[in-house]
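*Asks:* Sharing a structure, written as structure tokens. Questions coming.
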Amino acid sequence: MDFTEYRQAVIHLAWFRDDQVRHLLFGMVELRPNEFPDAIGCPPKGFRVGNKGRKYLYYRRFVLSVEDAIAWYRKMADGNIVLPRDPNHSTPGDGAKLEGGPFEPEPPWPYFVTSNELAFAPDWMQDSRTHFLFPKNVLSPEVSAIIGMDKNRAKLEEWLNFDIAEAYYDYQGAVCLVAPNPVFRLIEKFHFEQAREGTAETVAYKLVARQGQCLDGLRLEIVNERLHGRMTLIHEFDNDAIAVLDFPAQVYKEGQSVMHPKYGLLAWHEPVPPWRTIDMKIDLHLQHKTIHVPSGGRRRPKYKYEVNEFEEERKITVGNALENIDIVSRLTEAANQRSRRQAAKDYDQQWFHDVPSKAAQWVRQKIGGARDTVLIVDPYFAGRELLAFGPAVRRPDIELRILTSAQGLKEIGRDDQNTDSGSQLLEILNNFFKERPTKPEIRILKGDPPPVHDRFLVVDGTVWFSGNSLRTIGERAGMIVKLPDPEPVIVRLGDFWSAAPCLSDWLSNRPAPEAS
């Protein structure tokens, strides 16, 4: 890898110190192109964690030569994980050991990937060649909990300019080497109002070169993404920094890539529609209202809120749309409809109405596919439902957990005054599943009403949400859908599970029924 086009390097580093132990949180080696002025390092910035002990978050910017920064990065990859030494800002902690790694390089050294999606990089560093060192081991639960606290998370985001605690947790403990485009700063683009004769559209592209750089040999490829395929135009630069390209068809979506004979891919931008029109909507304010909502009982006090009313909005369009906009709209809508239908399949979207047997069979099929665990959360799950769905678990070692509610069992018992739904549920559990090596575990949500309203089916980490109880599923119209982000829901359901007593304990401790 050739780094002669860079004059200086800045290492951005964040770590957590617990007494004498330092834990690496994130590091970035930023190579600075030759035209950049000298950067200045800074002493460590500290932020105390809690009120007891020597626990601090630290951030520091180290300025090194390119050679020294690359050497430090390569030593990190080899397992020598230490704080750098900034020759202009020497501190007692320089060279101290950091807890972190071992690392997995991505891609293999000395290859780089070109990215314009770097969460931790400012805008000018997009389209940078990047190499990553991702830790094979995640941060310890103690350190993860500390950086997830609101104040600590905010401080790290202030220093690093991205959220490492949650949104980009995959960068925790990672180090990266970022080599910004050393040849040109940006691509400027201009659409001609009138295309040249014999063409549908003419567009000029200008590469703004960095100081002292030559554009000879750069290869520009423009992708015109049509509704059912792609067209490409290619231009190779010489001494002229401007390329004027004639498109045989109007551009629907335009993407760009620039290749360098030595550095490889320098820039890539996904196809996006060019700006042809600007739609503006104007709303005129009519009046301001205060709405008073009456009380709905002791638990639902009255309240008020404010509303602004507007007249019918006015639309203004500036610019000229595509010539064949009707065809484009029709074909685009067809593609969007296919996309929506595929999304419905991806989310396992199901509509059941007046088909209880079909709906129950669908649920049993999902339960039967389990390889590890099944959790059913349904406040109205009782003995009949245990027989209807519990035996669907096909393997004897599958953990089946059921979270129902005291209020639900009480209301189900009202259907037959001689039926104790809780005792009946325990009897079915003990008798029907007594031969199974792993008996289902049932816990009871207390409270009137219970703290969980909705119904959930969790199978091996996948979560389906149901509007209807399994007790009445398919009788009235209702939806079942697979959640796109199940992990937060599983965590919250786990909290309710942990707080709920098991069925036998709840039966032993519940109040005796009142005499009639």
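The values are calculated or read from the model by the stated rules, or taken from the named source; none is laboratory data. All of these numbers come straight from a predicted model, not from anything done at the bench. A quick note on method: Cβ atoms are made from the backbone with ideal geometry, for glycine too, and the neighbour counts reach across all protein chains shown. All accessible areas refer to the heavy atoms of the entire protein, side chains included, with ligands and DNA or RNA removed. Shrake-Rupley method; radii C 1.70, N 1.55, O 1.52, S 1.80 Å.
*Asks:* Heavy-atom accessible area per residue, segment 407-516, 1.4 Å probe: how many Å²?
*Replies:* Numbers: 6540 Å² over 110 residues.
I get 59 Å² per residue for this part.
*Asks:* Another question, if that's okay. Could you list the square roots of 5 times each eigenvalue of the Cα gyration tensor of the chain, that is, the equivalent ellipsoid semi-axes, sorted largest first and rounded to whole Å?
*Replies:* Details: eigenvalues 603, 270, 118 Å².
The answer is 55, 37, 24 Å, longest axis first.
*Asks:* Quick one: Karplus J couplings for segment 8-25, per residue in order, coefficients 6.51, -1.76, 1.60, θ = phi - 60°, nearest Hz, x for Gly and Pro?
*Replies:* For segment 8-25, the Karplus curve yields 7, 9, 10, 9, 9, 9, 10, 8, 10, 10, 10, 6, 9, 9, 10, 10, 5, 9 Hz.
*Asks:* Let me know the charge dipole size of segment 394-453 about its Cα centre in debye, to the nearest 20, where only the beta-carbon of Lys, Arg (+1) and Asp, Glu (-1) is charged.
*Replies:* With only Lys, Arg, Asp and Glu charged at Cβ, the dipole is about 280 debye.
*Asks:* Any chance you could look up the accessible area of F162 with a 1.4 Å probe, heavy atoms only, rounded to 10 Å²?
*Replies:* F162 has an accessible surface of roughly 10 Å² with all protein chains in place.
*Asks:* Same structure, new question: Tell me the label-point distance for the pair I291, A96, using the 7 Å Cα-to-Cβ offset, in nm and rounded to one decimal.
*Replies:* 5.7 nm
*Asks:* Which value in nm describes the separation of the simple spin-label points at A71 and R401, placed 7 Å from the Cα toward the beta carbon?
*Replies:* Once both label points are built, they end up 5.4 nm from each other.
*Asks:* Quick one: what are the phi-derived ³J(HN,Hα) couplings along segment 365-375, Karplus 6.51/-1.76/1.60 with θ = phi - 60°, whole Hz, x for glycine and proline?
*Replies:* With the stated coefficients, segment 365-375 comes to 5, 5, 5, x, x, 5, 10, 9, 9, 9, 10 Hz.
*Asks:* Roughly how many whole Å is it from the C-alpha centroid of segment 453-516 to that of segment 194-216?
*Replies:* Measuring centre to centre over Cα atoms gives 61 Å.
*Asks:* Calculate the FRET efficiency for W124 and V82 from the Cβ-Cβ distance with a Förster distance of 25 Å, rounded to the nearest 0.05. Let's see the in-between values first.
*Replies:* On the way: r = 29 Å, r/R0 = 1.18.
It comes to 0.25.
*Asks:* Also: Skipping prolines and chain starts, which residues have an amide H placed within reach, meaning under 5 Å, of the one on Q256, given they are 5 or more residues away or on another chain?
*Replies:* Residues meeting the criterion, in which the H sits 1.01 Å from N, are V223, H269.
*Asks:* Suppose all protein chains stay in the model; what accessible area per residue would a 1.4 Å probe give for segment 1-151, in Å²?
*Replies:* Working: 7550 Å² over 151 residues.
Per-residue value: 50 Å².
*Asks:* Could you work out how much longer the chain between N431 and R298 gets when fully extended? Use 0.36 nm per residue separation minus the Cα distance between them, nm to one decimal.
*Replies:* Details: separation 133, 0.36 × 133 = 47.88 nm, distance 4.34 nm.
Once the chain is fully extended between N431 and R298, it gains 43.5 nm.
*Asks:* Also, I was wondering about something else. Packing-wise, with mean Cβ within 10 Å as the measure, how do 470-482, 272-284 rank, highest first? Write down the numbers at each step before the final one.
*Replies:* On the way: 470-482: 17.4, 272-284: 10.4.
Per-residue mean Cβ counts within 10 Å order the peptides as 470-482, 272-284.
*Asks:* When the Kirkwood radius is taken over all Cα pairs of segment 329-446, what Stokes-Einstein diffusion coefficient follows at 37 °C and 0.692 mPa s, in µm²/s?
*Replies:* Details: Rh = 16.6 Å.
Translational diffusion coefficient: 198 µm²/s.
*Asks:* Averaged over every viewing direction, what's the projected area of the C-alpha convex hull for segment 388-512? Give it in nm², one decimal, please. Please report the intermediate quantities before stating the final value.
*Replies:* Working: hull surface 34.8 nm².
Its Cα hull, projected and averaged over all orientations, spans 8.7 nm².
*Asks:* By a straight-distance test (C-alpha under 17 Å), which lysines pair with K206 as possible cross-link partners, with residues fewer than eight away in the same chain excluded?
*Replies:* In chain and number order, the partners are K189.
*Asks:* Now for a different question. For segment 56-120, what does the alpha-carbon gyration tensor say about shape, rounded, prolate or oblate, given a ≥ b ≥ c as the root eigenvalues, a/c under 1.5 as rounded, and a/b over b/c as prolate? Write out the running numbers ahead of the final one.
*Replies:* Values: a/c = 1.65, a/b = 1.54, b/c = 1.07.
It is prolate, given that a/c is not under 1.5 and a/b is the larger ratio.
*Asks:* Using the Kirkwood radius over Cα pairs, work out the Stokes-Einstein diffusion coefficient for segment 187-335 at 25 °C and 0.890 mPa s, in µm²/s as a whole number. Mind dumping the intermediate values first?
*Replies:* Values: Rh = 19.9 Å.
Using the Kirkwood radius from Cα pairs, D works out to 123 µm²/s.
*Asks:* So, one more: Starting from the Cα-Cα distance between D485 and E333, subtract it from 0.36 nm times their residue separation and give me the gain in nm to one decimal. Present the calculation step by step, with values, prior to reporting the outcome.
*Replies:* Values: separation 152, 0.36 × 152 = 54.72 nm, distance 2.72 nm.
Length gained between D485 and E333: 52.0 nm.
*Asks:* Using the alpha carbon gyration tensor of segment 440-516, what are the three equivalent-ellipsoid semi-axes (square root of 5 times each eigenvalue), largest first, in whole Å?
*Replies:* Details: eigenvalues 145, 63, 21 Å².
Each semi-axis is √(5λ); the values are 27, 18, 10 Å.
*Asks:* Taking segment 237-299 as the region of interest, what is the percent of Cα-Cα pairs per 5 angstrom bin, listed from the shortest bin to the one with the maximum distance?
*Replies:* Histogram of Cα-Cα distances, whole percents per bin: 4, 8, 10, 14, 11, 8, 6, 5, 5, 6, 7, 6, 5, 4, 2, 1.
*Asks:* Do the sum for the chain: with -39,500 (n - 2.57) for every DSSP H run of n ≥ 4, divided by all residues, what is the mean residue ellipticity at 222 nm, to the nearest 500 deg cm²/dmol? Walk me through the numbers on the way to the answer.
*Replies:* Numbers: 10 runs with 114 residues, N = 516.
About -7000 deg cm²/dmol.
*Asks:* How large is the Kirkwood hydrodynamic radius of segment 167-239, in angstrom, based on all distinct alpha carbon pairs? Let's see the in-between values first.
*Replies:* Working: mean 1/r = 0.0630 Å⁻¹.
Final number for the Kirkwood radius of segment 167-239 is 15.9 Å.
*Asks:* At 0.36 nm per residue, and after removing the present C-alpha to C-alpha distance, how many nm does the segment from Y347 to R54 gain when stretched out fully?
*Replies:* Values: separation 293, 0.36 × 293 = 105.48 nm, distance 4.76 nm.
The Y347-R54 span can extend by a further 100.7 nm.
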